[in-house]
1. Considering every Cα-Cα pair within the chain, what fraction, in whole percent, is farther apart than 28 Å?
2. Of Tyr46, Tyr176, how do they rank once you tally other Cβ atoms within 10 Å and put the fewest first?
3. Could you line up Ile85, Ile36 from fewest to most neighbouring Cβ atoms inside 10 Å?
4. If I fit a long axis through the Cα atoms of helix 249-261 and take the longest principal axis of the Cα atoms of the chain, what angle between them do I get, 0 to 90°, rounded to 10?
5. Mind checking which of Ile94, Val185, Gly150 is farthest towards the positive end of the chain's charge dipole, using Cβ charges of +1 (Lys, Arg) and -1 (Asp, Glu) about the Cα centre?
6. Return Trp180, Trp205 ranked ascending by Cβ neighbour count within 10 Å, so the fewest neighbours appear first.
7. I'd like the FRET efficiency for Phe144 and Tyr232, computed as 1/(1 + (r/R0)^6) with the beta carbon distance as r and R0 of 56 Å, rounded to 0.05.
8. Given bins 10 angstrom wide, list per bin the percent of all Cα-Cα distances in the stretch 61-117, short to long.
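Laboratory data are not the source of any read-out in this text; all were calculated from the coordinates shown. Quick caveat: nothing in here was measured; it's all calculated off a predicted structure. So basically every Cβ, Gly included, is an ideal-geometry build from the backbone, and we count neighbours across all protein chains shown.
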Amino acid sequence: MKIKNTDKLRYAFRAIVFKEMGDHFRNKRMLILFGIILLTCIGSLYTAMSGLKNATPAEETESSFFFLKLFTLSDGTLPAYFVFISFLGPLLGIGLGFDTINSEQNKGTLSRMLAQPIPRDYVLNAKFTAALLVIAILFFSLSFLVIGAGLIALSIPPTAEEFMRIMCFTFVSVIYVALWLNLSVYFSVCFRQPTTAALAGIAVWLFFTVFAPLLINLILKTLEPSPYAPPYSQYAFQQFQFAIIQLIPNELYSQATSTLLMPTIRNLGPLTIEQIQGAIPGPLPLGQSILIVWPQLTGMIAVTMACFILSYLRFMRKEIRSR
């Protein structure tokens, strides 16, 4: 009997996931967001190819990583692909999650769903899983689109390391958007009106994108040591500056993706002269690049899990009544 009940719950979970994924792909709001991200991907890909055509012969070495440059290179007319994702990714996550719970509650379908023999947490988990799968399908499709365009334009296949770096970059992008998705789901649980939840999510996004860097710059200017200060105090200030910047999710994503897509980046924080001496310039293997960005990746995953836990606890204690 327990096996049959477990099978029924799994079937109900899959049914909710597929239903939510279908709603996302048929939603006009989501189609507009998907179209904007696709257009920006095509535009950044065009500028990257233009930049590759204008590259000097000295830059075209064996370690140039041409396929990675399709994600990072720009001719100056448009930003690179990963810069667009850091800007538009939060909007995609907010758009997928701001009406996850409150729209069902306003329609009266949430109380009917919970009246069925389905655990309450299955509903929230299924909705989050569906949105996460939509994000993963979109970003992996865009990455393969860029790889396919690169195959046609360059007439050479990517190396194994290039392919793995692109997949790691795509995985980090999914985690970054999932962070904003969980935040918007939390606002959807807290606020009854979807517009309020959407405005709250956009307000947080604007704060970290526009106002947080300004506040950090003001704090750093007041604490900046004198040019004649001892070297150890200047090094401590550089460490503090690097640590306080880690509070911005956009900066965590930019540091992680730039390190994965640019193998020549060997360090993200400040270094002393003793640490620089003896270092041999050159591209790092993928494993070493992952070790460099592991703190940033762990921070994004931790914030994502914290937002999901807050949404889960709030939803499990929420009183739901039919209108």
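1. Numbers: 26080 of 52003 pairs.
So the pairs more than 28 Å apart make up 50 percent of the total in the chain.
2. On the way: Tyr46 14, Tyr176 28.
Ranking Tyr46, Tyr176 by Cβ neighbours within 10 Å, fewest first, gives Tyr46, Tyr176.
3. On the way: Ile85 28, Ile36 14.
In increasing order of surrounding Cβ atoms, one gets Ile36, Ile85.
4. The helix 249-261 is inclined about 60 degrees to the chain.
5. Looking along the dipole axis, the top candidate is Val185.
6. Values: Trp180 27, Trp205 21.
Final ranking by Cβ density, sparse to dense: Trp205, Trp180.
7. Numbers: r = 49 Å, r/R0 = 0.87.
Efficiency, from the Cβ-Cβ distance: 0.70.
8. Taking every Cα pair in the stretch 61-117, the percentages come to 19, 25, 19, 14, 15, 8, 1.
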